[in-house]
Amino acid sequence: MSTTSDDREAVKRWRSLLANERDAAALYTRMAGAETGERRQIFRELADIERQHAAHWEGKLREAGAEIPAPGRPSLRTRLLGAAARQLSPGTVLPLIERAERADASVYDEDPDAAPGMAADERGHARIIARLIEGGRPDPRRQIQHREPWHRGDRSGALRAGVFGVSDGLVSNTSLVMGFAGSGTSRTVILLAGVAGLLAGSFSMAAGEYISMVSQREMYEREISLEQAELEEKPDEERNELVLIYRAKGLERADAEHMADRIMADRTVALDTLAREELGLDPEALGSPWGAAISSLLTFAAGAFVVVIPYLVGGGIAAVLWAIGLAIAALFGVGASIGVMNGRPVLRSGLRQVFVGALAGAVTFGVGHLIGASVS
């Protein structure tokens with residue numbers, strides 16, 4: 001039987017993935033050697049899951065009649081991380097391992113030969129590592145949200161889009177208007193440019209936000225649907241993942257198993273919990289494309305309209321000065337509002353926003369002046 005180039009590429013990819021999984025199993029084994037108690041057992045079980053992944057790729061190679069490479073020496077990275085965990089502490093290398101697990105999940109999302117659930121396993125491992133990094137401490141954000149319900153964040157994405165929209169509208173249209181004003185052109189042309197910048201920017205921002213949020217939501221929905229399929233096909237494996245996560249949070253094995261069993265008894269609750277714990281997603285807060293788009297359109301237009309106002313009633317140097325004054329006041333207001341929302345110093349946040357906007361406006365005013373002088 002002839003072997004095509006596609007077959008050769010597949011075999012090459014499977015061997016690479018096999019090596020990666022063996023390496024991950026070796027790394028978790030070394031991490032287990034640097035830990036004690038429950039954390040050691042968690043790393044051993046993570047190593048077992050990586051060995052199961054490796055067995056999958058061995059099976060693919062066997063089905064293709066390809067040679068299965070013998071296990072070799074772990075990679076230099078694994079040896080270095082293992083040594084750092086032993087000599088320093090496991091906590092020093094856990095962030096690196098967490099990032100690697102998240103990267104592996106994205107690789108398996110795109111691989112047609114990956115077994116169902118392998119990507120979810122890697123994401124689950126990343127969540128477990130994150131819990132180990134926290135040292136079993138409860139997530140303070142969840143505690144705050146439970147105790148203080150006003151700390152809810154931006155569920156729809158509209159707040160983020162709105163803040164970015166008004167800031168971008170102010171800076172971009174101020175720069176545009178200042179560029180035309182610096183060139184010495186007529187009031188009518190400056191007004192036309194300002195209105196055109198307002199409309200073009202508003203619809204561009206809205207379209208960009210809509211596409212971005214739709215893509216993000218579709219990706220999240222796919223993640224949840226894959227998790228649902230795993231829950232239906234391999235409930236025992238999903239239950240074991242939950243047990244590992246809760247043990248990593250600091251629960252004793254018996255308590256973690258009891259909690260996982262209670263959650264798995266209701267498939268709706270189980271899916272919601274797995275989405276939150278394994279994927280880090282809130283199924284009720286995947287983002288609203290229309291909310292983000294409308295918010296972005298309106299706030300960009302509001303920010304861009306500020307420097308247009310003086311040219312609706314007059315022109316010349318008076319309109320320029322009024323535009324600059326209004327822009328500075330609006331920039332400070334936006335920066336101060338962002339500071340309030342983020343718990344940052346209001347004055348500092350406002351002045352930072354003014355500096356950024358003023359710098360952009362001054363540069364375009366100067367460029368416009370030079371171009372206008374050279375043309376005239």
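The values are calculated or read from the model by the stated rules, or taken from the named source; none is laboratory data. As the structure is a prediction and not an experimental result, all values here were calculated from the model. Cβ atoms come from the backbone with ideal geometry, glycine included; neighbour counts cover every protein chain shown.
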Problem set entry | Near pairs, Cβ below 8 angstrom, 6+ apart or cross-chain, from segment 198-223 (assigned by TED's automatic domain parsing to the domain that holds Ala304 and modelled with pLDDT of 85 or more) to any residue that is in a helix (DSSP H, G or I) and acidic (Asp, Glu) | Gly201/Asp168
Seminar exercise, completed: Within segment 80-102, residues more than 13 Å from His125 (Cα to Cα) and either touching a residue at least 24 places away in the same chain (Cβ under 8 Å) or outside any helix (DSSP H, G or I) (or both) come out as Leu81, Gly82, Ala85, Arg86, Leu88, Ser89, Pro90, Gly91, Val93
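Condition check ((1) at pLDDT 85 or above; (2) assigned by TED's automatic domain parsing to the domain that holds Leu199; (3) buried (at least 20 other Cβ atoms within 10 Å of the Cβ)) across all residues:
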position: Gly250; (1), (2), (3): no, no, no
position: Arg262; (1), (2), (3): yes, no, no
position: Thr268; (1), (2), (3): no, no, no
position: Thr299; (1), (2), (3): yes, yes, yes
position: Ala304; (1), (2), (3): yes, yes, yes
position: Ile309; (1), (2), (3): yes, yes, no
position: Ala318; (1), (2), (3): yes, yes, no
position: Ala329; (1), (2), (3): yes, yes, no
Exercise. Which members of segment 1-22 meet the condition of being of a type in the set (D, E, K, R) and surrounded by 19 or more Cβ atoms within 10 Å (Cβ to Cβ)?
Worked result: Glu21, Arg22
Exercise. Which condition number in (1) crowded, with 19+ Cβ neighbours inside 10 Å; (2) at pLDDT below 85; (3) in the same structural domain as Met178 (by TED's automatic domain parsing) is the one that Val346 fails?
Worked result: (1)
Problem set entry | Filter result for the condition that a residue is more than 27 Å from Val243 (Cβ to Cβ) and among the small types (Gly, Ala, Ser), over Gly72, Gly91 | Gly72
Problem set entry | Residue count, segment 286-345 (criterion: within 30 Å of Gln216 (Cα to Cα) and either outside any helix (DSSP H, G or I) or touching a strand residue (DSSP E or B) at 6+ places or on another chain (Cβ under 7 Å) (or both)) | 5
For this session: Could you list, in sequence order, all residues of segment 55-79 that are assigned to a loop (DSSP other than H, G, I, E, B) and over 18 Å from Glu9 (Cβ atoms)?
Result: Ala70, Pro71, Gly72, Arg73, Pro74, Ser75
Exercise. Can you tell me which residue in segment 14-40 is farthest from Ile133 (Cα to Cα), limited to those that are assigned to a helix (DSSP H, G or I) and free of Cβ contacts under 8 Å to residues at least 12 places away in the same chain?
Worked result: Ser16
Exercise. Quick check, is Glu63 at pLDDT 90 or above, farther than 17 Å from Ala248 by Cβ, loosely packed, with under 13 Cβ neighbours inside 10 Å and in the same structural domain as Asp113 (by TED's automatic domain parsing)?
Worked result: yes
